[in-house]
Structure formats: C-alpha cells, structure tokens
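What follows draws every value from the coordinates through simple rules; no lab data is involved. Keep in mind the model is a prediction, meaning the values are calculated, not measured. Cβ placement follows ideal geometry from the backbone for every residue including glycine, while neighbour counts extend to all protein chains displayed.
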Amino acid sequence: MDIIVPVKQVPDMERVKFDTEAGRIDRSSASGEINPFDLNALETAVQLKEKLGGTVTTISMGPPQAETSVRDSLARGADRGILLVGKEFAGADTWATSYALAAAIQKLGKWNIIICGEKTVDGDTGQVGPEIAEWLDIPHVAYVSEIRDASESGITVVCEMEADHYGIESPLPTLITVTKDINVPRLPSFADKMKARKAEIEQWGASDLSEFADPTNLGLKGSPTRLNKVVIPSEEGRKGEVFRGSPEDATKKIADALQALGVLGSAK
Amino acid sequence: MNNEEYKGLMVFAEQREGKIHPVAYELLGKGTEIAQKLNIEVSAVVLGSDLGDEINELFYYGAEKVYSYNHPVLADFDLLNYKHNVARLINEVKPETLLIGATHLGRSLAPRIAAAVNTGLTADCTALEVGDEGNLVQIRPAFSGNILAHIRTTTRPQMATVRYKVMQKLPRDPSRKGEIIEKEPEIIESVLKIVSKESSGGVNIAEADVIVCGGRGVKSSTDFELLQDLADAFGGIVGCTRPIVDDGWMGKEHQVGFSGNTVKPKLYIAVGLSGSPQHLAGMRDSDVIVAINADPSAPIFKLADYGVVGDLYEVVPKLAAEARQRS
Ligand SMILES: Cc1cc2nc3c(=O)[nH]c(=O)nc-3n(C[C@H](O)[C@H](O)[C@H](O)COP(=O)(O)OP(=O)(O)OC[C@H]3O[C@@H](n4cnc5c(N)ncnc54)[C@H](O)[C@@H]3O)c2cc1C
Ligand SMILES: Nc1ncnc2c1ncn2[C@@H]1O[C@H](COP(=O)(O)O)[C@@H](O)[C@H]1O
C-alpha cells in the first residue's frame, strides 16, 4: 500500500499574535509546526503501512522553512518527503494549492491512497483534499473518523455527517480526509528524530512539475479568490459583567439579566 | 471565461432522508436580499428521490425557480453523482453565484464542484455582502476563528459555503409560487457505497437554543449530572470541551469547538472551561454567553456577557435553583 500524505506547516495557534488595529497576523510571533490535523493523517498512514506494508510519502507546499515540517513527518514514520518550494507557488488559494499538489502527486506516479487532514488551523477550509481528488479524478471521503477495513482492493471507512455516521466503501485509488478522532498521533522517538535530521528532503520547483501543471495556474496568479482585507475582531459588544461576591448574589444578578433578555423563563 | 455570461444566484438545497436542510432556507433568505439589490433571479437546485411536496418549501422560502433532479441513486449523498450533475447544471445555466450550506455534506461536495467547473470557492462564510461592482464579498473566519477574511472571487460562479444558523430565512409563505424545472440526471456508476448508517441518538447540539458546556473544571464524569440539571432548568442540552471527549466522558457529538461542533445558541453557559482559542472558535457567535470559572483571569471572561468567579460546584446548583424558581 503506497500512501501519500499532504502536510502543511502552520503557525502554532497558541502563540501566534494578531494585531487588531492593523488587521495583521504576525507570523514571526510563532514557530511553524505541522498542522495538528495532518498529524492524525500521518498516523493513519503509518498504521496502514504497519498493517499492509508499503510506503508513506509526505508532500508539503510552502516556504523554505516548511522543510522542518517535512523532516518532522519523516521522524513520525514517513519514508520520503517532498517540499514544493519557490516563488511561483506563493500566495496560492485552495484552488491553486490543490492544483500544485495534484500535479506533484501525478509526478510521483505510484500510489493507492491519499490521506489529508480534515482542515488546516490557519486556512481552515478543508477544501484542498477534495479538490486534489477532483484534479486526479478519483473518489474521496471526507470527515473520516475510523478505518474499518483496508486492503489492496479497497477501503471501508466511517464518515461523520454531523450526528449521522455512514460506513462507506471506496475502491482504490482514493482520497480521505481524517478528523482528530481517528487516532492519537504517536510522539517520535529520539532515534527517529536523529535519523530524520540526516534524511534528504527532495525539493521540487515549478519547473519540476511542468509536465503536469500549467505554470499560469500556480500561486497567486492562478488563484481565483483574492483576499480584500483581514479584520481582527475585538470582543467588543459583550457586556463583560463579572460578579465576584457571594454565589447567591451573583446567580441572582445573572438570573435577573437573563430574565430581562428573555432567555430565562421563556424556555419552558 | 466570460464573467458577463453568468447571471442569477443559485442555492444548493441539501436534503437528507427526504427533508431539506434548513440551511438552504437561510441561504434563500440571504440570496433574496442580495438578488433584490442586484435585480437578479434566485433559484435552487435539489437532488433526491421522490421528494414530493418538500420541493415546494423552497418556493415558500424565496426560490423563484427550482431545478429538480429525481433518481433513486440521488436519495442519499452520492458524491460523484451529485458533483457531476451540479457541475453540468452550472455549465448550462451559468449562475453568477452559487451558495452551499457549510454542513459536512456541503463542505465535501463544494470543493469538488469548484475544481470541476474551475472556479474559486470560499469556505464557511459567516457574512456575505454586495461589493462596489456588484461582486460578492465573502466574509469568513480563519486562523481558528481569530480573524475575519474578506474575500472576492475573480471567476464565475462565485462559490461559497455558508455556515448554518448565521443567515436569516424569510418567513415561510405558502402562497409563494415558482417554476419547477425537472432535469434529467445523468447517472454515472456509484463507486462509493454506503454500507451502514448510524445516528448518535439524536443529540444535535448545533440545533440547541441553550447549551451548558462543561470543561476540565468538572472533576468527574458523574459530576456532569450537575450540568445536566442546570441544562434541564433552562430547557437546554449539555456540551463539553475536547479533553472531556478525549477522556471518554462524553461523545463527540457533544463537543463544541474547532474540531467539534460550531454552535450559536441563544444562551451559552460555559462551566469550568478556560476558553481556549479552539473552543472559542466553535461558540463565539452565541447570542448571550455566561461564564462560571474559579480563575478570574480565564480567557472565557473576555468573551462573556456575564461571569461568575467562583467554584462551579457551588455556583451551578444555585443557578439551576434560581432558574427553576423563575420559570
Ligand atoms: C487542532 C486542535 C483542535 C482543538 N479543538 C478543540 C475543540 O473543538 N474544542 C475544545 O474545547 N478544545 C479543542 N482543542 C483543545 C484546546 O486547545 C484546549 O486544550 C481545551 O479547549 C481546554 O479545555 P478546558 O477549557 O476544558 O480545560 P482547561 O483549559 O484546563 O480549563 C479548565 C478551567 O476550569 C477552571 N476550573 C477548575 N476547577 C474549577 C472549579 N471547581 N470551578 C470553576 N472553575 C474551575 C480552571 O480555572 C480552568 O480555567 C483543540 C486543540 C487543537 C490543537
Ligand atoms: N500547502 C499545503 N501543502 C501540503 N498539504 C496541504 C497544504 N494545504 C493544505 N494541505 C492539505 O489539505 C488539508 C486541508 O487543508 P485546507 O483546505 O487548507 O483546510 C490539510 O489538512 C493538508 O492535508
């Protein structure tokens, strides 16, 4: 079973700073890490490999420093890591990102399953996976929370549709996007980290994809959506009345307020 | 692509088990508002099997035209058949805008359609505006809900998925009529097979008007009974933060936040939870937020309308009693 896991480097959400006034995200305020959902994708892939044999390849599109995330994915059990890097790729929306990743996957040639994260914590769209599947003309199943069965001929997964859970069978090749519930990603061992440190990360530029990708479809140039502006909301408009005194007093005051707003007493 | 050729606003109406998802009515409400500004037509597209009178609901909520695809294969979500037929319709009718509910189904289907018809797609919008040149300004949270991005689309149709419960539907008006256009679906081989269907016992936290949400401040799974009692007093249901699900105390369907459910109740009572960015991402648009936390510096207080600094084991039963007395 040969598996491809696209991973994205994202800023650490606990640390990244947002400038409310200027509407800016200060990316330098936080170090980059693998998108948390992609750790679940990687773990899913490594577990499948352990069961069925085969290989795991990670691909990331991003700036040169995203190499650390590709390296990290090797420490976590991937066999091969590829970084799509170069100014041609910069500024891509989900359409252009998925287009570039699909081209790289076509160049790789031999694979059975692609496993993406449910979404990224920065872009937060969950669109790149299904769009890759469309470019490659293969089926996909999104919101996968469990793999019930996998063999060389097909895969049976549980797909969450809000409160409904569907068991779905897909032939291979296919693409799935996985939720955080599918597993608990392992921590890499020290030895694995050391090995990954020395491993070679292949770097591909736009010219390496020329057979599969029209360069005008890459990066900002190829992106059909444009960012007009960013607004960083401050939490104004909330009353922010905090009561500290006795619990009796506080709950009475809150009940008064809720009653005045009509959310208490009307429920029954 | 000649953008001038594209006219009108279309809503994809998701149905499950023969019932149209209410987000479609909300989108028709917003769609009607946009259409009146631009003097364009609002249509809907629905795929299903023998939906009968349910289709008329789309007219009652504002659709002027409904493109209806009727086939047994379309009864359940068949990704590739849905994609294939909606993409064909877009290429034929050329709507300027296509709105899809940001449900799991919508967020799985929309990107396939966008790639198939070569257009841009904006995910999970919480506001839509008409821009200066009549284009659609799509506003959406990103960075785990920390920012709002304003996005426009240079290609057509302008496609967006839109979050449930943020747009207003029009009052249901059964005297509204429109034109049904029966379309012949082109059915392709169904390669994705549904082999089982389960429902998690009817909890749908996204629908609740009142949510009492517990976090790690609740010391044991049985202590959630206190929260249940408070929820009962308000006629609401209990939710929880991610660590509670990780510990197996509650099912995923109760989880609120970035990797769980997005909710927008009339009243949200946060109990013993700190208010991490990932949690706030799922509930920050609640109408009224009440926080109960022992730590006055907990970030949840920054978002709350009302807060109590105190021990939840003391405050929760008191608030429940107070609520019971008054209702
Ligand atoms: C990719 C990703 C996705 C995530 N998705 C989600 C998500 O969807 N939903 C989610 O909730 N989290 C999510 N998380 C986890 C999130 O980062 C936090 O770890 C989590 O929300 C913290 O939960 P908590 O507030 O219950 O716990 P804590 O942060 O530990 O807060 C407990 C609070 O309880 C208070 N407390 C303790 N005892 C008492 C008492 N007796 N009375 C009153 N107050 C008391 C404390 O003061 C503290 O503020 C995600 C994380 C990542 C990385
Ligand atoms: N730049 C990227 N490089 C590699 N994989 C990506 C990239 N962007 C998105 N992905 C993959 O697509 C998934 C969904 O991302 P998104 O659509 O941005 O929410 C991620 O979890 C990754 O698996």
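Side notes on the structure shown:
- The range A:147-170 versus the range A:200-215: alpha-carbon centroid distance in Å: 33
- Here the Kirkwood formula, the inverse mean of 1/r across different C-alpha pairs, assigns the range B:73-188 a hydrodynamic radius of 15.7 Å.
- Cα point-scatterer Debye curve for the range B:205-326, base-10 log of I(q)/I(0) at q = 0.13, 0.14, 0.15, 0.23 Å⁻¹: -0.41, -0.48, -0.56, -1.49
- A Förster radius of 60 Å, combined with the Cβ-Cβ distance separating A:PHE212 from B:LYS219, puts the computed FRET efficiency at roughly 0.60.
- Local electrostatic count at A:LYS193 - Lys and Arg +1, Asp and Glu -1, tallied over other residues with Cβ under 12 Å: +3
- Nearest 10 degrees, 0 to 90: helix B:312-326 Cα axis against chain B principal axis: 70
- 10 Å Cβ neighbours from other chains, averaged over peptide B:149-156: 5
- Angle of helix A:247-261 to the longest C-alpha principal axis of chain A, folded into 0 to 90 degrees and rounded to 10: 80°.
- Peptide B:101-113, shielding by other chains (average Cβ, 10 Å cutoff): 6
- Chain A: angle of helix A:36-52 to the longest principal axis, Cα-based, in degrees nearest 10: 40
- Principal axis extents of the Cα atoms in the protein assembly as shown, from largest to smallest and rounded to whole angstrom, are 72, 68, 49.
- Under 10 Å, Cβ to Cβ, from B:THR262 - net charge with Lys/Arg +1 and Asp/Glu -1: +2
- Counted by Cβ distance under 10 Å from A:VAL158, the other residues give a net charge of -3, where Lys and Arg count +1 and Asp and Glu count -1.
- Placing dummy labels 7 Å off each Cα toward the beta-carbon, the span from B:LYS165 to B:ASP247 is 2.5 nm.
- Virtual spin-label span in nm between B:GLU179 and A:GLN47, 7 Å along Cα→Cβ: 5.3
- Percent breakdown of C-alpha pair distances by 5 Å bin, ordered from the shortest bin, for the range A:2-222: 1, 7, 15, 20, 21, 17, 11, 6, 2, 0, 0
- For chain A: relative contact order, % (alpha-carbon pairs under 8 angstrom, 6 or more apart): 23
- Between the range A:112-142 and the range B:244-307, the C-alpha centres lie 29 angstrom from each other.
- Estimated inter-spin distance, B:SER190 and B:ARG88, nm [label 7 Å along Cα→Cβ]: 1.7
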